[in-house]
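Below: the structure, in structure tokens.
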Amino acid sequence: MELAIARDMNEASSHGSDLHLSACRPLFDAAAHELGASATRALLHKLGAPPELMSARDGWVSLQFFERFASDVSIIVGDRWIERAVERDIDRAYRGVRARVLRFLSSPLVAYQALAIEGLRTNRVVELRVERTGHASLRLTASPKRGAPREGTLVSCRMRTASARLLPTLLGRSGADVTHRECIQQGAEACVYEVSWQVTEGRASQARDESGAKARDEVEIDGPSDDAALVLVVEPDPERRVVLARQLARRFRVVGVATGRAAFEIATTRAPVVVVTARALPDMSCHELREGLHDTPRARATAVIASDRTDQDDELLAQVDTHVSVRRMAQDLALSERRAMLGVTAASVAHQLRNPLTTLLAGLPAMRSRMRGRADPQTFELMDVMIDCADRIERMSRDLMDLSRVDREPTGVFSPSDGLRSAVRLTKARVFGAVSIDDHVQDCAPIEGRAGDINHVFLNLLDNAIRAVGDSGHIRVTAAQENGHYVTRICDSGAGVEPAAIERIFEPFFTTRKAGEGTGLGLAIARQIVRQHGGDIAVQRSELGGAAFVVLIPTLPPPAPPV
């Protein structure tokens, strides 16, 4: 077979980190089926890739290589081979536990959500989002990731269309109807697919019956606070379910359901920390529930406790409390290690900057002195600018080293106003355009704690303010001693915080930013740090029109006068 269509790939070889090989595997295998293994290896070779790429199970390739490979095969065998490749891959990938779980749930929506979650692991080019638009319809959006290369051909579009059409067949249904509403290749911001599937009258009646049963069987109790851990109780006996839910609600938010199917739906959407389940359920065993949750990415870390009817409620509460405490300790440790790592990295960068900077600070003034009487005024003005810039870099690197002392210093007595001024100076250095920052920072009595942690809070709040105002706006920073506290207010002229989000703004993993732009941990860490220092943090409406974050930290009392 003639493979001369393969072009030189020296400028875009297979080496890259855009697509994981597991995402490319369907096309490699289908090409080998359509062309033959030897012809496919020859094509890979002409595209600059090693032949062993066909059998490799781990690694990444560039988007351009992937598109070149698929386009060349399409020229030989036609475009329909892409859909055949996706069909074989779906049948293979969803065998085993995953297929049993999907068929058991009988929900195409869950299958599409699983497709989007898989894309987060294997695709660094676009992000898939699933939005339900009706009882049997949804919208699938493929948005380019920031900084990633843009798709240059319709290969990925065809693969997504084929996957969206074929996923319902895993559940014994007919294929979905897919309409490609918007396309990146036609200048749109994202590829948008409208997906709908058929629901037979029997299934529709079953769905209505199950919806009514769910409304009758589900129990939800808010618990002591909004930030309490979520516990899922799976108990077929309605009286026992209510008793367990009320008992656990003394410390946790609780949702109670009657079946394993309902437990899967809650676990995949709300990610409870612990599942307390009866050993015998009407639709599955406790072991099957545990295995199914373990195979679900969002619920993989959920602990499962099997409860007997003979268990004492206080003992069960203690077991759940232990699991929740261990989970939170692990999360706190991970966050602490991450902050420490960032602090070490920042200090290392600042230290590396200061080494050559010392030479500049010593050499530039000496060079200026030697040029006295030999250079024109413009040269001396340029030298003054260079010396001033070197001084500013030295000041910024010193501030960066001061602010990087996160979790690496012992508790001590310090003045938070010094760290706040350093944070403001660093923030002003990164502001461009029509963004102005006014600061009125007063000195205060010292506080006891870790200076690096408090500095981390100030930097996080200032960074949020910059993001809120965008390319133009105003930020105001004020700090003063008030009634035994050091009160810091950071206000911005941005869009502010929606009233519905104010209650959750400090929850871990809650974010108002777009997908991929925030982890939802910054304000949660900030509140944890402030409370560790005996203070508190709140968000209000700013007089500038945006948000105002207020930090209160108790200061040390003045020393007693000598007797």
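Observations on the structure shown:
- For the pair segment 249-287 and segment 419-448, the centres of their Cα atoms are 48 angstrom apart.
- The Arg430 and Ala495 beta-carbon pair, evaluated with R₀ = 30 Å, returns a calculated FRET efficiency of approximately 0.90.
- Rg and Dmax of segment 107-177, based on Cα coordinates, read 12.6, 40 Å.
- DSSP-loop trypsin sites (Lys or Arg not before Pro) across segment 348-385, with at most 15 other Cβ within 10 angstrom: Arg372, Arg374
- Fewest-first ranking of Met371, Met383, using other Cβ atoms within 10 Å as the exposure measure: Met371, Met383
- Between Met386 and Ala56, the contour length at 0.36 nm per residue exceeds the Cα-Cα span by 113.5 nm.
- Each residue of segment 493-499 was assigned a 3J(HN,Hα) from its phi angle through the Karplus expression (A = 6.51, B = -1.76, C = 1.60, θ = phi - 60°), giving 9, x, 6, x, 10, 4, x Hz with x at Gly and Pro.
- Extension gain from Ala375 to Leu120, taking 0.36 nm per residue of separation minus the Cα-Cα distance: 85.8 nm
- Residues with amide H under 5 Å from that of Val304, placed H, sequence gap 5 or more: Val275
- Distant-in-sequence amide contacts of Thr555, defined by a placed amide H-H separation under 5 Å and a gap of 5 or more residues or a different chain, comprise His485, Tyr486.
- Between Arg80 and Asn483, the modelled labels are 7.8 nm apart [label points 7 Å from Cα along Cα→Cβ].
- For segment 436-453, the Karplus equation 6.51 cos²θ - 1.76 cosθ + 1.60, evaluated at θ = phi - 60°, returns couplings of 10, 10, 9, 10, 9, 9, 9, 5, 8, 5, x, 10, 10, x, 10, 4, x, 5 Hz by residue, with Gly and Pro reported as x.
- Ranking of Thr427, Thr379, Thr555 by count of other Cβ atoms within 10 Å, fewest first: Thr379, Thr555, Thr427
- Nonlocal amide H pairs with Cys183, under 5 Å, H built at 1.01 Å: Ala188, Val192
- Global form of segment 212-311, assessed from the alpha-carbon gyration tensor, a/c cut-off 1.5: rounded
- In order along segment 272-280, phi translates into HN-Hα couplings of x, 6, 9, 10, 9, 10, 5, 5, 10 Hz, rounded to whole numbers, per the Karplus curve 6.51 cos²θ - 1.76 cosθ + 1.60 with θ = phi - 60° and x for Gly and Pro.
- Segment 230-282 shape via C-alpha gyration tensor axes, a/c threshold 1.5: oblate
- When DSSP beta bridges are restricted to pairs lying wholly in segment 402-493, around 60% turn out antiparallel.
- From most to least packed by mean Cβ count within 10 Å, the peptides 466-473, 357-364, 542-549 give 542-549, 466-473, 357-364.
Each reported figure results from applying straightforward, stated rules to the coordinates on display, with no laboratory input. As the structure is a prediction and not an experimental result, all values here were calculated from the model. With ideal geometry, Cβ positions are generated from the backbone for all residues, glycine too; neighbour counts draw on all protein chains shown.
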